[in-house]
Every structure is written in structure tokens, then in C-alpha cells.
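Working notes, structure below.
The values are calculated or read from the model by the stated rules, or taken from the named source; none is laboratory data. Nothing here was measured: the structure is a model prediction, and the numbers come from that model. Cβ coordinates were reconstructed from backbone atoms using ideal geometry, including for glycine residues, and neighbour counts include every protein chain displayed. Each accessible area value is taken on the protein alone, full model and side chains, heavy atoms only, with ligands, DNA and RNA left out. Shrake-Rupley method; radii C 1.70, N 1.55, O 1.52, S 1.80 Å.
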Amino acid sequence: MKFKIFNTYPISISLSPNTEEDDIKLALKLIFSPGKWRKGGEISVLEQEFKNYFEAKEAVSFNSGRSAFLAILKSLDLKEGDEVLLQAFTCNAAVNPILYFGLRPVFVDCDRSFNLDPEDLANKITERSKVVVVQHTFGQPARMDEVLKICDKNKLILIEDCAHSLGAEYKGKKVGTFGKAAFFSFGRDKIISSVYGGMVVSNDPEIGKKVRDFQKKCSFPLSSWILQQLLHPVLVNYLVLPAYRFPSFGKIILNTLQLTMVLSKAVSKEEKRGKLTSYFPKKFPNALAILALNQFRKLEKFNNHREKIAKIYIEELRDRFEFQEGLKGTKRIFMRFPILIKKGQDTDKILREARKKKILLDDGWRKTPIVPPDTDLEKMRYRVGECKNAEDIAKRIINLPTHINISEEDARRIAKLLKKM
Ligand SMILES: Cc1ncc(COP(=O)(O)O)c(C=O)c1O
């Protein structure tokens with residue numbers, strides 16, 4: 001049934017993009033097995049598989065990347081007002097854990113790889129700077145040699161935000177192994193997905209222990225929250241996505257399911273205004289660990305497919321659009337394939353035209369240096385104009401889908417449509 005749906009329309013960048021038939025069946029089975037929802041053996045199996053994959057001393061799971069990041073910050077013994085440097089063109093979920101502890105986010109501009117610009121990083125360091133968070137945007141590793149050098153010279157703690165980059169490498173070394181600790185996300189449209197979920201990976205015994213102790217003190221999410229996440233792959237694939245064949249109708253169905261709390265949103269209203277909700281931080285529930293484990297075992301297949309689709313976009317669109325710069329010596333994971341349209345052109349118009357052809361390209365990573373677009377920048381402590389490159393990228397970006405449910409034919413259709421515009 002699912003393949004019928006995906007072989008026709010719509011083509012969508014978001015809306016549970018990684019789920020295959022086995023993932024949906026697994027979620028369905030789990031809905032009817034509430035005894036497995038909270039505690040269970042799969043949590044530690046997933047943690048162990050992460051430890052093995054990264055050859056790391058510790059891997060500690062949480063119910064989201066933002067909870068995992070919060071746990072790392074908690075382990076660092078920082079004081080209120082200490083500065084955490086991170087790049088602009090990020091998600092509010094990467095800023096809120098900083099605000100949660102009364103720390104000060106300092107935004108660094110990005111380069112043409114859409115990652116932290118080392119030169120701007122060096123310029124923004126002050127006496128209060130304590131931590132640098134390096135994000136590997138859309139799976140493109142950042143300029144780690146330069147970032148490491150700056151951290152070393154200024155005695156700054158390096159944390160990696162690997163929410164987009166599970167499987168990527170920098171000079172033959174996996175991203176997530178460069179800093180004191182790294183965090184990963186299994187959010188609904190990430191590299192692998194259990195709708196919500198996250199992991200801390202660390203080779204530092206002291207941080208590893210503190211994060212583990214913190215996890216022990218966290219409670220499990222409510223059963224109603226776990227059920228919401230289990231319903232997500234099922235309802236999105238069998239109800240919401242088919243309804244999106246008529247995009248306005250699909251939107252009504254999705255909004256109704258979210259308003260009635262049958263499905264969760266990726267970020268809440270409160271989070272867009274700088275406040276974490278009581279859903280975070282929490283332990284990773286076993287049912288979602290089962291989903292994440294099933295996806296983690298398909299990581300290579302997913303990332304190989306992404307690369308194949310990205311090659312089609314490169315081949316078809318290289319003469320027409322500016323791309324995210326790929327850096328030498330990096331193995332990139334194409335979580336999305338971003339293109340930049342010409343200055344002065346309107347991305348809204350292009351997305352509207354694509355929507356008419358039942359191609360849904362709006363993934364929320366656009367318009368503003370801290371996404372999604374209705375995030376309150378002032379509450380994030382971002383001053384408009386402070387990161388000009390990030391703002392320029394946000395204005396001109398359109399992300400193209402690369403996930404496992406996009407066929408080569410879909411990619412060529414998308415490219416053809418963009419070329420016409
Ligand atoms: C760059 C980045 N960092 C951190 C996060 C937080 O991950 P999560 O949604 O699992 O809390 C996200 C996703 O929302 C993200 O895109």
C-alpha cells in the first residue's frame with residue numbers, strides 16, 4: 001500500500017520521510033504493546049550499538065537531540081552568563097538548552113559550506129566564552145582543523161551538534177568524535193528517525209559519567225506522549241501524505257491532528273519564544289528506541305541512497321544554482337540537498353509553483369537565521385544583521401529531498417521543474 005502512495009504523488013521533503021514499510025509495521029505493533037513503551041532492553045542495545053559505531057566510551061540516549069544537548073551543557077559546570085558560541089542558520093532547538101541554563105548564546109556567521117566560519121568564530125571570542133558548538137549542517141562536516149585550533153588556543157570546550165550528520169566524516173574520522181561530546185537527533189526528518197529521540201556520544205569519562213547520572217535522574221515521558229510518536233509514522237503515511245495530494249486538504253488534516261494532540265509538532269510555540277517545555281529533558285522510551293534501532297541498522301542504505309539522489313541534482317542543476325560548498329577531505333551525508341536561488345528571486349513563489357505540481361519542498365529551514373521561520377529572534381538573543389551570510393543563505397535557500405522514498409525519477413522531475421523556473 002505504502003509504495004503505491006510513494007510511487008504516485010505527492011513528493012515531500014518532510015512528513016516522516018525516512019519511514020519504510022517495516023518501520024510502519026513496527027510502529028503499529030508497538031501501539032498495541034504498551035508494556036514495551038517505557039522500560040525495556042532495546043534502550044541499552046541502541047546505546048551499545050552507538051558506542052560500537054563511534055568506538056566511544058559512552059553513549060547515552062534521551063528523548064530528543066535538545067535533551068541530549070541540555071545534558072551535555074549540564075555536565076560542563078558552567079556559570080550563568082558564560083558564553084556558548086554557535087553558528088547562525090540553526091534551529092531554535094539548538095539554542096533553547098543554552099537559554100535554559102541562563103547561558104549566553106553568541107552567534108557566529110557561516111561560510112559557504114553553511115557551517116561555522118572559523119574567522120568569525122575567532123573574532124567573537126571574549127573572556128566569557130566557554131563553549132563552541134560546531135554544527136555539520138545538512139551533513140556537510142565543518143572546517144574541523146581550524147575550529148579545533150581556535151578551541152585549543154583559547155581553551156574552549158568543543159561540542160559537536162551532529163543532528164544532521166550521522167555517518168559523515170572529516171579526514172577519515174567520524175564527526176561526533178572531535179570534541180568533548182557530541183549529540184545526535186532522531187527527529188522526524190533527520191538522518192534516522194524515531195519521530196523524537198537523541199543520543200550523547202562522548203570519549204571523556206568525566207562528561208560521560210555526568211551525562212549518564214543526569215539521564216538516571218530524568219523520568220520517562222508520559223505514555224500519551226509516547227503514543228503520539230508511535231502514531232506519527234502510521235497516520236502520516238496512511239492519512240496525511242495521501243491527503244496532501246490536495247495540499248490544502250492535507251494541511252487541514254495535519255493541523256487538526258496536531259491541534260487535537262493526536263500528533264506532536266517538531267517544535268512548540270513556547271520553544272519558538274525561547275522556553276523549553278516540560279517534555280524535555282526526558283529519558284528515551286523503549287518503544288522509540290526500537291524504532292530508532294531499526295532505522296540505525298539501515299543507516300548505510302539510507303546514506304548511499306541520499307548520495308545517489310544528490311548526484312542527480314548536481315548533474316541536472318549545476319549550471320543553474322549555487323550549491324552548499326562541499327569541503328575537501330570530507331565525506332558528506334546529504335540529509336537534504338540545498339540550492340540557493342539568485343538574489344532578489346522569491347523562494348515563496350517557487351515553492352508555491354512546486355506545490356501546484358504536488359511537490360512539497362518547504363522543510364522550515366528557510367527565511368530566518370534561526371529556524372523555523374516564526375521563531376522569535378529577540379528571545380533567541382539574535383540581533384538582525386549580526387550574521388550576514390547566514391541571513392543571505394536563509395533568504396535564498398530551497399532544500400531538495402534526498403530521503404529513501406525519493407526515486408531517481410522523482411529527483412529528475414524536481415530538477416526539471418526548477419530548471420523551468
Ligand atoms: C541543527 C540542529 N540541532 C539540534 C536539533 C535538536 O534536535 P531534536 O529535534 O532531536 O531535539 C535540531 C533539530 O531540531 C537541529 O536541526
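Table: residues versus (1) more than 16 Å from the ligand (Cβ to nearest atom); (2) modelled with pLDDT under 95; (3) open to solvent by 10 Å² or more (accessible area, probe 1.4 Å).
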{"position": "A56", "(1), (2), (3)": "yes, no, yes"}
{"position": "A71", "(1), (2), (3)": "no, no, no"}
{"position": "K74", "(1), (2), (3)": "no, no, yes"}
{"position": "Q87", "(1), (2), (3)": "no, no, no"}
{"position": "T90", "(1), (2), (3)": "no, no, no"}
{"position": "L103", "(1), (2), (3)": "no, no, no"}
{"position": "V106", "(1), (2), (3)": "yes, no, yes"}
- Restricting attention to segment 336-348, does a residue exist that is out of contact with any Asp or Glu (no Cβ under 8 Å at 6 or more places or on another chain), open to solvent by 50 Å² or more (accessible area, probe 1.4 Å), in a loop (DSSP other than H, G, I, E, B) and among the polar types (S, T, N, Q)? yes
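For every residue, the table says whether it meets (1) away from the ligand (no atom under 13 Å from the Cβ); (2) modelled with pLDDT under 95; (3) within 30 Å of L227 (Cβ to Cβ); (4) among the polar types (S, T, N, Q).
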position: K173; (1), (2), (3), (4): yes, no, no, no
position: K180; (1), (2), (3), (4): yes, no, no, no
position: S185; (1), (2), (3), (4): no, no, yes, yes
position: I191; (1), (2), (3), (4): no, no, yes, no
position: V195; (1), (2), (3), (4): no, no, yes, no
position: G198; (1), (2), (3), (4): no, no, yes, no
position: N203; (1), (2), (3), (4): yes, no, no, yes
position: I207; (1), (2), (3), (4): yes, no, no, no
position: K210; (1), (2), (3), (4): yes, no, no, no
- Message: If I filter segment 329-344 for residues that are free of Cβ contacts under 8 Å to residues at least 24 places away in the same chain and over 22 Å from R412 (Cβ atoms), do I get at least one hit?
- Response: yes
- Task: Might you check whether a residue that is at pLDDT 95 or above, within 16 Å of the ligand (Cβ to nearest atom) and within 14 Å of the chain's Cα centre (by Cα) occurs anywhere in segment 128-135?
- Result: yes
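Looking at the structure I just gave you, is V132 within 19 Å of N96 (Cβ to Cβ) and either touching a residue at least 12 places away in the same chain (Cβ under 8 Å) or outside any helix (DSSP H, G or I) (or both)?
Values: within 19 Å of N96 (Cβ to Cβ): yes; either touching a residue at least 12 places away in the same chain (Cβ under 8 Å) or outside any helix (DSSP H, G or I) (or both): yes.
The answer is yes for V132.
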- Tally, over segment 349-381, of residues that are within 16 Å of the ligand (Cβ to nearest atom) and surrounded by 14 or more Cβ atoms within 10 Å (Cβ to Cβ): 13
